[in-house]
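Enquirer: The following block contains the structure, expressed as C-alpha cells.
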Amino acid sequence: MFAFLAIRKYFCNEMKQGTILIVDDNRNILASVKMLLEDTFERIVTMANPNGIPARLRDDKPDVVLLDMNFQGGTNNGNEGLYWLRLIKKARPQAQVVLFTAYADIELAVTGIKEGAADFVVKPFDNAKLLSTLTDAYKKNHCNKNAAHREEGCMYWGKSPQMQALRAMVEKVAATDANILITGENGTGKEVLTNEIHRMSLRSGGRLMPVDMGAISETLFESELFGHVKGAFTDAKADCPGKFELAEGGTLFLDEIGNLSYSLQAKLLTALQRRSIVRVGGTGQIPIDVRLICATNRDLRQMVARGEFREDLLYRINTIHLHLPPLRERTDEIPELAGMFLSRYAAMYNKPEMVFSPAAGQKMKSLPWYGNIRELQHAVEKAVILGEGNVITENDISGDPAPKARPSEEPQTIDEMERRLIERTMGENGGNMSAVAQKLGVTRQTLYNKIKKYGL
C-alpha cells in the first residue's frame, strides 16, 4: 500500500485536469484504477459495459479512454476492443485511447495502434507504467486540441536545421540520466524544452520540480533546496523536505543557474558530488536520486573566466549541452508560430475569423524579435486585441527594433563591489583564506568578518 501511495504522489499535479473514461468488465480493476488516478485526473468515469460508450463520449467528452480489449467470457482475441476503438475514434477523434488487455499480444497491439490507439498496457499492470502511459496520453490530447498550445505546454520543433539537430540530440539523451545544461536567450523556450526532456525520459513517472534560482534569496537557498527540520529556525514549526527530496525519482530543473552566487554554488556542488543532502538543522545524510537539468541565458564559460562561476560545477551540470537558437536565426518558422498564436488568441477574444495580411507576414519575418518566441506571442496577442476588422495588417504588428537594454551587471554600491571582490578572490584561490587575505591586503580576522557580513 505504501508503494502504491508513493507512486500516486509522483503523479499528483498541483491541479488535477482532464477527464478519463475507464471501460472494463472487472469491477475490481475499475475500483483500483480509479483510486490510482484520483490525484491525476479531474474527472474519472468508469463503466463495466461497453454498450454505454457512445453516451459517455457524448455527455462526458473524455480526453482519454482506457479500454479493455475483451468483454465476453471466454474470448481473448481482442476483436471487441478493436470494434469499440474504431467507434471511439470515429465519434470523438481527439480522444486518446489506451488499450487494456490481459494478453501480451504484440500483433494485436500493432493492429490497435494502426487503428488509432495511443498506447497499449498489459495486465497485470504496473502502477507506475499505467500512470505514465495515461498521463502521456492526456498530454498528447491537450497538445492536439489546439496547435497554438505547443509553445506553452508542448515543444515546437519547427523545420530549421538547427532545431532538427537539437531534436535528434534530445531524442538520444532524454532516456539517460545525464545532467543537461540548456542555454539560450530569454523567450526561446528553455523551460518548455525541459518539460519535453522529462516527458521523454525514463523518469517521466516522477515529478519535474522547477526552481527559479534567480528568485531564491541566499538566506533561504539551503532550506528551499535541502529542506529543514523542526526548530531549525524561528518559523520552522515542522520538518519540511526541500526541492531535492520532492524531485526524488524525477527531474530537478534549476532555472537561471547563472544567477547563483559563488558561495552557494559550492553548496550545490557538494550535494551533487555526494548524491546526498542534509536538511538545515539536521545531521543525517539523505540520499538523493534526481536527474538534473539547468538552464541559463548567460555565458557560463565567460563567468568562469571572470571568477564568477565555479568551473567544477560547470563540468558537473554540463554533461550534455543543448542550445536553443534565437528566433531571428530561424525566421522561416515565424509564420507557423504566429499562426498558432493567432488561432489561440482569436478564439480567446472571440475573433475567430482573423487572418494576417501578406504585408503583416513579411513584417513579422523581418523583425529581429530579441524577445524571441515570447515577444512574438505577445505581439500577436496585442494585434488581435487592438486590430480592427478581420485582417491584421503590418501596422498592427509591433516589435522591438533594437536589442533590449540589459540591466547593468556592474555593482551599484561600495558594499556590492567589496562583496564581489571577496567572492571572486575566494574562487581564484580555491577557498584558501590565508591567500585570499594576503591578496586583498587584510587580516584573516577582517576577512572572516567580511565573509560573515556578506553571507559568503
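Enquirer: Let me have the 222 nm mean residue ellipticity of the chain computed from DSSP H runs of 4+ only, each contributing -39500 (n - 2.57), with the sum over all residues rounded to the nearest 500.
Expert: That comes out to -13500 deg cm²/dmol.
Enquirer: Determine Rg/Rh for the stretch 229-288; Rg is computed over alpha-carbon atoms and Rh is the Kirkwood hydrodynamic estimate from the same atoms.
Expert: 0.98
Enquirer: I would also like to ask the following. Given the options MET348, ILE288, ILE113, identify the residue whose Cα lies farthest towards the positive end of the charge dipole of the chain (+1 on Cβ of Lys, Arg; -1 on Cβ of Asp, Glu).
Expert: ILE288
Enquirer: If each of ARG374 and VAL355 carries a label point 7 Å out from its Cα toward its Cβ, how far apart are those two points in nm?
Expert: In this crude label model, ARG374 to VAL355 measures out at 3.3 nm.
Enquirer: Within the stretch 187-210, whose backbone N sits under 20 Å from a point 7 Å along Cα→Cβ of ALA168?
Expert: Taking a point 7 Å out along Cα→Cβ of ALA168, the residues of the stretch 187-210 whose backbone N falls under 20 Å are 197.
Enquirer: I would also like to ask the following. Calculate, for GLU218 and MET348, the FRET efficiency according to 1/(1 + (r/R0)^6) with r their C-beta to C-beta distance and R0 35 Å; round to the nearest 0.05.
Expert: 0.30
Enquirer: Once fully extended, how much extra length lies between THR176 and LYS114, figured as 0.36 nm per residue of separation less the alpha-carbon to alpha-carbon distance?
Expert: 19.4 nm
Enquirer: Scan (1) 1.04; (2) 1.10; (3) 1.01 for the value of Rg/Rh (Cα atoms, Kirkwood Rh) calculated from this model and give just the label.
Expert: Working out Rg/Rh (Cα atoms, Kirkwood Rh) from the coordinates points to (1).
Enquirer: Still on this model: Once you place label points 7 Å from the Cα toward the Cβ at THR393 and ASN186, how far apart are they in nm?
Expert: 3.2 nm
Enquirer: Can you give the charge dipole size of the stretch 280-375 about its Cα centre, rounded to the nearest 20 debye, using +1 on the beta carbon of Lys and Arg and -1 on the beta carbon of Asp and Glu?
Expert: Value, rounded to 20: 160 debye.
Enquirer: Also, quick follow-up: If I histogram all Cα-Cα distances within the stretch 188-262 using bins 5 Å wide from 0, what percent of pairs lands in each bin?
Expert: 3, 15, 21, 21, 18, 13, 5, 3, 0
Enquirer: Looking at the chain, which longest stretch skips every one of the GluC sites (Glu not before Pro) that is in a DSSP loop with at most 13 other Cβ atoms within 10 Å, leaving the sites themselves out?
Expert: Counting only loop sites that pass the neighbour cut-off, the longest clear stretch is 43-352.
Enquirer: Can you give the extra length, in nm with one decimal, that the chain gains between THR319 and THR443 once fully stretched, where that is 0.36 nm per residue apart less the Cα-Cα distance?
Expert: Extra length available between THR319 and THR443 comes to 40.7 nm.
Enquirer: State the extension gain, in nm to one decimal, for the chain segment bounded by ASP25 and GLU42, taking 0.36 nm per residue of separation less the distance between their alpha-carbons.
Expert: 3.8 nm
Enquirer: How large is the Kirkwood hydrodynamic radius of the stretch 194-318, in angstrom, based on all distinct alpha carbon pairs?
Expert: One decimal place: 15.1 Å for the Kirkwood radius.
Enquirer: In whole percent, and with a 1.4 Å probe on the protein chains, what portion of the accessible area of the chain is carbon and sulfur?
Expert: 51 percent
Enquirer: If R₀ is 51 angstrom, what is the calculated FRET efficiency for the pair LYS365 and LEU87, using the beta carbon separation as r and rounding to 0.05?
Expert: About 0.70, to the nearest 0.05.
Enquirer: Count the net charge of all other residues whose Cβ sits under 12 Å from the Cβ of ASP239, scoring Lys and Arg as +1 and Asp and Glu as -1.
Expert: Once positives and negatives cancel, what remains is +2.
Enquirer: Continuing with the same structure: Would you tally the net charge around GLN164, using a Cβ to Cβ cut-off of less than 15 Å, leaving GLN164 out, and scoring K and R as +1, D and E as -1?
Expert: -2
Enquirer: Turning to a different aspect of this structure: Once you charge only the Cβ atoms, +1 for Lys and Arg and -1 for Asp and Glu, what is the size of the charge dipole of the stretch 301-352 about its Cα centre, to the nearest 20 debye?
Expert: 160 debye
Enquirer: Let me ask something else. Counting only heavy atoms of protein chains, what accessible area per residue, in Å², does the stretch 208-323 have with a probe of 1.4 Å?
Expert: 45 Å²
Enquirer: While we're looking at this one, here's another question. Treating the angle as unsigned and between 0 and 90°, give the value, to the nearest 10°, between the Cα long axis of helix 79-91 and the longest Cα principal axis of the chain.
Expert: Once rounded, the angle reads 70 degrees.
Enquirer: Nearest 5 percent is fine: what portion of the DSSP beta bridges confined to the chain is antiparallel?
Expert: Roughly 5 percent of the beta bridges in the chain run antiparallel, per DSSP.
Enquirer: Also: Place a +1 charge on the Cβ of each Lys and Arg in the chain and a -1 charge on the Cβ of each Asp and Glu, then give the dipole magnitude about the Cα centre in debye, rounded to the nearest 20.
Expert: Around 520 debye, computed over the chain.
Enquirer: Using the Cα centre of the stretch 151-202 as origin and beta-carbon charges of +1 (Lys, Arg) and -1 (Asp, Glu), tell me which of VAL192, ILE180, PRO161 is placed farthest towards the positive end of the dipole.
Expert: So the residue furthest toward the plus end is PRO161.
Enquirer: Do any trypsin sites (Lys or Arg not before Pro) in the stretch 198-294 lie in a loop, going by DSSP, with at most 16 other beta-carbon atoms within 10 Å of their beta carbon, and if so which?
Expert: Passing sites in the stretch 198-294 are LYS230, LYS237, ARG275.
Enquirer: Ratio of Rg to Rh for the stretch 250-318, alpha carbon only, Kirkwood?
Expert: Radius of gyration relative to Kirkwood radius: 0.99.
Enquirer: Using alpha-carbon positions, what is the distance between the centroids of the stretch 243-275 and the stretch 164-208, in Å?
Expert: One Cα centre to the other: 17 Å.
The values are calculated or read from the model by the stated rules, or taken from the named source; none is laboratory data. What you see is a predicted model; the values in this text were computed from it and never measured. We place every Cβ from the backbone using ideal geometry, glycine too, and count neighbours over all the protein chains shown. All accessible areas refer to the heavy atoms of the entire protein, side chains included, with ligands and DNA or RNA removed. Shrake-Rupley method; radii C 1.70, N 1.55, O 1.52, S 1.80 Å.
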